[in-house]
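Before any comments, here is the structure.
Each value in this text was obtained by applying a stated rule to the coordinates, not by laboratory testing. Because the structure is predicted, anything quoted here is derived from the model rather than measured. Ideal geometry is used to build each Cβ from the backbone, glycine not excepted, and the neighbour counts take in all protein chains shown.
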Amino acid sequence: MSSSKNAPSEDLQSIAGIDRLIHEPARLMIMAYLYVVESADFLFLMHQTGLTHGNLSSHMSKLEAAGYIEVVKEFVTKKPHTMLRLTDKGRTAFRAYRQSMMQVLDDLSDK
Amino acid sequence: MIEKINLKEIEKKAWTSTFEDGITDIGIGLILVVSTICQMFDDVRFYLYALFIVPALFITAAKKYITTPRIGLVKFSRERNKKRYMLFLVMTTAIVFLLILTTKGLLQKLPMTPLIVGSIVFIICSSIAYFLNFNRMYIYAVLFTLSFALNEITIANTGVIASGAYAWLISAIILIVIGFVYLVRFLKKYPLPVKEVSDVSHN
């Protein structure tokens, strides 16, 4: 009985489905940038998101641990370069997040 | 996150950031300088075509040694590459059309030749602007078309091919100056990172 008391009302069920890992603004920015490009390096993401080196590193670690992003070593003009890209799991999670957010905002609509 | 996040705008912002360095402007300016030289020394034009390697080398080297170390490296999506292929297709069609007109001698037979060629130049430049989201190129398209018209008018009035070359040189100087302004702003905005951040040693 207690569990049904604590459960969200049916109207707001969609909120519970939001991926908290992506929902954090800085991580959402990182995910959004990596979603629209094939891959980018650390410096490019730093400039685009406006995050500091430490901040970006810490968020990257969390996303990498969740399997949302992967670190790829590529050779660019014969030099090894570290590129970051979304994994298939990350892409699916980001799409699902967008879907959930649209649903939530739709549910919260006052129209 | 009530604020609307437009993914297309994010991609466009990332893409256009690669034009913030002014390198492309300077590169196109250098192409026009070489064109001016080729027109000025028309009799040895064939040998001077080799000079077109200079702007190509400049753009490649500047992107590698100035831009990438400052803003980082990014690989864009397939959608963006499709736009590049479309641009390549439009430019190739326009250039082949122009070559056919020139080699078959049709250009001389057609009325208002400068207008036709000027329109082709405008279409090529506008296509670059449209497909690459390189908005400054629309202004350059107008500038090139005006230079072309000025070039043709001067040649028609003087009868000397080299006399119209200055028209391209004016455009070249304008482009190089604009490019340098962008480059200086870029260098101030993106200084070389003190810390090695290209490697993700985030543990």
Out of region B:1-65, which trypsin sites (Lys or Arg not before Pro) are coil in DSSP terms and have no more than 14 other C-beta atoms within 10 Å?
B:4
Looking only at GluC sites (Glu not before Pro) in DSSP loops with at most 11 other Cβ atoms within 10 Å, what is the longest site-free stretch of chain B?
B:4-195
Amide H to amide H under 5 Å from residue B:76: which residues, 5+ apart in sequence or cross-chain, H placed 1.01 Å off N in plane?
A:38
For region B:172-181, in order, what is each residue's ³J(HN,Hα) by Karplus, 6.51 cos²θ - 1.76 cosθ + 1.60 with θ = phi - 60°, in whole Hz (x at glycine and Pro)?
4, 4, 4, 5, 5, 5, 4, x, 5, 4
Local electrostatic count, residue B:76, Cβ distance below 11 Å [Lys/Arg +1, Asp/Glu -1]
+4
Roughly speaking, what % of Cα-Cα pairs in the protein assembly as shown are separated by over 33 Å, rounded to a whole number?
43
From the backbone phi of region B:46-59, what are the Karplus-calculated ³J(HN,Hα) couplings (6.51 cos²θ - 1.76 cosθ + 1.60, θ = phi - 60°) in whole Hz, Gly and Pro given as x?
4, 6, 6, 4, 4, 5, 5, 5, 4, x, 5, 5, 4, 4
On a 0 to 90 degree scale, rounded to 10, what angle separates helix B:23-40 from the longest Cα axis of chain B?
20
Note down the net charge around residue B:23, summing +1 for each Lys or Arg and -1 for each Asp or Glu among other residues with Cβ under 13 Å from its Cβ.
+2
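Does region B:78-179 classify as rounded, prolate or oblate by the C-alpha gyration tensor (a ≥ b ≥ c root eigenvalues; a/c under 1.5 gives rounded; else a/b over b/c gives prolate, otherwise oblate)?
It is oblate, given that a/c is not under 1.5 and a/b is not larger than b/c.
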I'd like the Karplus ³J(HN,Hα) series for region A:18-28: coefficients 6.51, -1.76, 1.60, θ = phi - 60°, whole numbers in Hz, and an x wherever there's a Gly or Pro.
6, 6, 5, 5, 7, 5, 5, x, 5, 5, 5
Mean residue ellipticity (222 nm) of chain B, computed from DSSP H runs ≥ 4 via -39,500 (n - 2.57), nearest 500
-23000 deg cm²/dmol
Counting other Cβ atoms within 10 Å, which trypsin sites (Lys or Arg not before Pro) in region A:47-100 have at most 12 and lie in a DSSP loop?
A:78
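Which links in B:12/B:64; A:79/B:63; B:8/B:83; B:8/B:75 stretch past 19 Å when you go from one Cα to the other?
Those over the limit are B:12/B:64.
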